[in-house]
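The values are calculated or read from the model by the stated rules, or taken from the named source; none is laboratory data. Because the structure is predicted, anything quoted here is derived from the model rather than measured. Here the Cβ is made from the backbone with ideal geometry for all residues, glycine too, and neighbour counts use every protein chain on show.
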Amino acid sequence: MEIIHIAAELAPVAKVGGLGDVISGLSRALVEKGHQVEVFLPKYDCLELSGLDHLEVTNQNFTSYFDGKWHQNRIWKGLLHGFTVLLFESYDPHGFFERDKVYGEHDDNDRFLNFCRATLDYIQSQNRKPDILHVHDWHAAAIPLLQKHLYPDLTTKTVLTIHNLAYQGFTERKILEKIGLPPQIFPKEWVNLLELGIIYADHITTVSPTYAKEILTKEGGHGLEKVLQKYSDKLSGILNGIDEKFWNPETDPILPYHYNAHEIKKEKPPFIENKVKLQSHTRRMFSLQEKRCPIVGCVTRLVHQKGPELIKDALYWTLQNGGQFILLAAASDPKTHQEFYQIKREVMDTQFAHIELTYNENLSHLVYGAADILIVPSIFEPCGLTQMIAMRYGTVPLVRKTGGLADTVFDGENGFTFGPPTKEALTNSLEKAFHTWFSEPHTWQKLVENGMNHDFSWNRSAEKYIELYEKLQKVIPFPEKINS
Ligand code: ADP
């Protein structure tokens, strides 16, 4: 099959969070199964282009429509892990992608609508008829609507994947005029771009089976539960995988010591010698005392979703109970940054905590490798990758039982889970984890082993996507549905 992914992120070229990992991991797995994959991405100024092979301009002269005019654009083409990356460089006067960040600009709605329209104009200009257009999150969610209204000859089936329902692209409907659509096609004055995708895509997936159920409820629906309920017959949950070639403690170039699941010794600690060496290395690097105690790690974005209050509770509890804590976290909101900066200053001389308030890929690998426990106390979590990466690195996850965390971490089997998003529930779970680490080393070793041996690769998930793509090929379109 010929599959085109359209997304705002692609790791490691443009990565803000899990979306980037998913696009590259899934694409690589689809290629390995014999499919032809292209990823369409805006050419932001902040791209990390060194990972792309054979990067070149492939098209100088294609035009796309935006806000009453046709603009000339360029398309760059490069290769990553066997799939093609197409970078859209816009010459429009707003410089929509000549920015040093992926998201968070005042004109994000315009930027990504422009990207949606350009993607389809490009596919049309090439007379292409791919088998699947797979659009991701609100940034690409207008594509199915555009396709059905403006490109009737392009009968390709569309899949929308919701990676995080909390981000929706809410704007006045008159914005649709900018991409050549009559605003009246949407009945309300305000339009939600993700909702357009939910209505018009041929199929909707989200990134874990539990999240697929949660988003149908008032608590988890972020205001879209009604429309999701209406279209629930075309909604399914497919658990994300992780790129096991990239996240591999045996070969990870960032780690100074390597290990794998076969090296786990069963008799007595240290069960994995090189993991212990890595812990000493990391303790030295972060000025933590060399001591026999568990290291609790956390790699996150500091936003409400990730439970910042619970992260603080976990930090203080760990310090009071003889553990060490490493937090690697980026806050985009200055107030949250300041709050955690105060905590950093407070604990920096204790030799028991280290806080890095930034986004740093290399340091994240060290934290996954050096920690004994990785906490993910999310308020909600569509899938979550950090708990899976942790397990691969022999680190036991301690998570709140929600969304994809509930589908991947099982209490007493490969980690620890807690229910209510409260300090009490979290610290009870931490207490259990500390007790096991200190007093039941063989139980601990079993948790580590179960986590390391679990198959979190993209293999299984990619097969589910292929099944879905194949099923969609067989569905004959019902044009009358388009105008309903
Ligand atoms: P989300 O996409 O909501 O941020 P996920 O768990 O799905 O959460 O994916 C997070 C990805 O981003 C993982 O690859 C994780 O390692 C990475 N990440 C998150 N925060 C940081 C950080 N501060 N520094 C480096 N990597 C980070």
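Go over the candidates Leu319, Leu366, Leu310 one by one and state the one that is buried (at least 20 other Cβ atoms within 10 Å of the Cβ), more than 13 Å from the ligand (Cβ to nearest atom), aliphatic (A, V, I, L, M) and touching a residue at least 12 places away in the same chain (Cβ under 8 Å).
The match here is Leu310.
Report yes if some residue within the range 33-47 is within 18 Å of Leu120 (Cβ to Cβ) and out of contact with any strand residue (DSSP E or B) (no Cβ under 9 Å at 6 or more places or on another chain); otherwise report no.
No; the residues of the range 33-47 include none that is within 18 Å of Leu120 (Cβ to Cβ) and out of contact with any strand residue (DSSP E or B) (no Cβ under 9 Å at 6 or more places or on another chain).
So if I check each of Thr205, Thr210, which one is part of a helix (DSSP H, G or I) and either touching a Phe, Trp or Tyr at 6+ places or on another chain (Cβ under 8 Å) or at pLDDT 95 or above (or both)?
On inspection, the qualifying residue turns out to be Thr210.
For the range 7-65, which positions are closer than 24 Å to Pro93 by Cβ and part of a loop (DSSP other than H, G, I, E, B)?
Within the range 7-65, Ala8, Lys43, Tyr44, Asp45, Cys46, Leu47 qualify.
Select, from Val37, Val31, Val57, the only residue that is β-branched (Val, Ile, Thr), in contact with a helix residue (DSSP H, G or I) (Cβ under 8 Å, 6 or more places away or on another chain), more than 16 Å from the ligand (Cβ to nearest atom) and over 30 Å from Lys174 (Cβ atoms).
It is Val37.
Looking only at residues in the range 461-479 that are among the hydrophobic types (A, V, I, L, M, F, W, C) and either modelled with pLDDT under 85 or touching a strand residue (DSSP E or B) at 6+ places or on another chain (Cβ under 7 Å) (or both), which one is surrounded by the most Cβ atoms within 10 Å (Cβ to Cβ)?
So, considering only residues that are among the hydrophobic types (A, V, I, L, M, F, W, C) and either modelled with pLDDT under 85 or touching a strand residue (DSSP E or B) at 6+ places or on another chain (Cβ under 7 Å) (or both), the one surrounded by the most Cβ atoms within 10 Å (Cβ to Cβ) is Leu468.
Can you pull out every residue in the range 126-139 that is within 26 Å of the chain's Cα centre (by Cα) and either outside any helix (DSSP H, G or I) or away from the ligand (no atom under 16 Å from the Cβ) (or both)?
Pro130, Asp131, Ile132, Leu133, His134, Val135, His136, listed by residue number.
Quick check: anything in the range 18-25 more than 16 Å from the ligand (Cβ to nearest atom), closer than 20 Å to Gly197 by Cβ and surrounded by 15 or more Cβ atoms within 10 Å (Cβ to Cβ)?
Among the residues of the range 18-25, not one is more than 16 Å from the ligand (Cβ to nearest atom), closer than 20 Å to Gly197 by Cβ and surrounded by 15 or more Cβ atoms within 10 Å (Cβ to Cβ), which makes the answer no.
Just checking, which of Lys344, Lys432 is without any contact (Cβ under 8 Å) to a residue 24 or more places away in the chain, within 16 Å of the ligand (Cβ to nearest atom) and in contact with a strand residue (DSSP E or B) (Cβ under 9 Å, 6 or more places away or on another chain)?
Sole residue among the options that is without any contact (Cβ under 8 Å) to a residue 24 or more places away in the chain, within 16 Å of the ligand (Cβ to nearest atom) and in contact with a strand residue (DSSP E or B) (Cβ under 9 Å, 6 or more places away or on another chain): Lys344.
I'm checking my understanding of the structure. Among residues of the range 374-399 that are out of contact with any Cys (no Cβ under 8 Å at 6 or more places or on another chain), part of a strand (DSSP E or B) and of a type in the set (A, V, I, L, M, F, W, C), which one is nearest to the ligand (Cβ to nearest atom)?
Val399
How many residues, within the range 347-363, are touching a residue at least 40 places away in the same chain (Cβ under 8 Å), assigned to a helix (DSSP H, G or I) and more than 12 Å from the ligand (Cβ to nearest atom)?
Looking only at that region, the number is 0.
Take Ile198 and decide whether it is among the β-branched types (Val, Ile, Thr), without any contact (Cβ under 8 Å) to a residue 60 or more places away in the chain and in contact with a Gly (Cβ under 8 Å, 6 or more places away or on another chain).
When the stated conditions are applied, Ile198 does not pass them.
Considering (1) more than 16 Å from the ligand (Cβ to nearest atom); (2) buried (at least 23 other Cβ atoms within 10 Å of the Cβ); (3) of a type outside the set (Lys, Arg); (4) farther than 19 Å from Tyr469 by Cβ, say which one Val159 fails and leave the rest.
It is condition (4) that Val159 fails.
Could you figure out which of (1) over 18 Å from Phe416 (Cα atoms); (2) among the β-branched types (Val, Ile, Thr); (3) away from the ligand (no atom under 16 Å from the Cβ) isn't true of Thr336?
Against the list (1) over 18 Å from Phe416 (Cα atoms); (2) among the β-branched types (Val, Ile, Thr); (3) away from the ligand (no atom under 16 Å from the Cβ), Thr336 comes up short only on (3).
I'm told Trp190 meets every condition in (1) at pLDDT below 95; (2) of a type outside the set (Val, Ile, Thr); (3) farther than 16 Å from Lys226 by Cβ except one. Can you identify the failing condition by its number?
In the conditions (1) at pLDDT below 95; (2) of a type outside the set (Val, Ile, Thr); (3) farther than 16 Å from Lys226 by Cβ, Trp190 misses (3) alone.
Going by the conditions given, is Asp131 over 11 Å from Phe66 (Cα atoms) and not hydroxyl-bearing (Ser, Thr, Tyr)?
Criteria met by Asp131.
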